[in-house]
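What follows draws every value from the coordinates through simple rules; no lab data is involved. Note that the structure is predicted; figures quoted are calculated from it, not measured. Backbone-built Cβ (ideal geometry, glycine too); neighbour counts: all protein chains shown.
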Amino acid sequence: MSSLNELSELREQIIRIKDDEKVPIVIVGNKSDLEEDRAVPRARAFALSQSWGNAPYYETSARRRANVNEVFIDLCRQIIRKDLQGSSKGRDEPERKRENTNRSERKRERRPKTKRKGPCVIL
């Protein structure tokens, strides 16, 4: 099985677990310094990134320290952006609607929040 097929299966598992089609994700081809040993054509990896809604695609080399930090920075930025979008959803709610909540709803709002699941899935 090719690594891209495995990657597609992993992405499907993550989407199923997170119940969200727009999970933060990057596609990474490693060992870019070993071009002659390439298993996945660059065009095929790029096409996959396009089919996933322009998911960022990086080619990395730990030996040359190429794009390794950039991958993590990009993924962290995606996670932060997604968290900010999720936390701003309740802010646009009109004040009238908030005033009309009954007591039980207000009590629920005062309860301490339970620990949230982390934004990452490691399989």
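Apply the a/c threshold of 1.5 to the C-alpha gyration tensor of segment 3-85 and tell me whether it is rounded, prolate or oblate. Oblate shape, in that a/c is at least 1.5 and b/c is the bigger or equal ratio. Cβ crowding within 10 Å ranks 40, 26 as 40, 26, fewest other Cβ atoms first.
A DSSP coil position with no more than 15 other Cβ atoms inside 10 Å describes the following trypsin sites (Lys or Arg not before Pro) in segment 1-52: 22, 31, 38.
As a rough footprinting exposure proxy, the listed residues 34, 48 were ranked by other beta carbons within 10 Å of their own, and the order from fewest upward is 34, 48. Ordering 9, 36 from the fewest to the most neighbouring beta carbons within 10 Å gives 36, 9.
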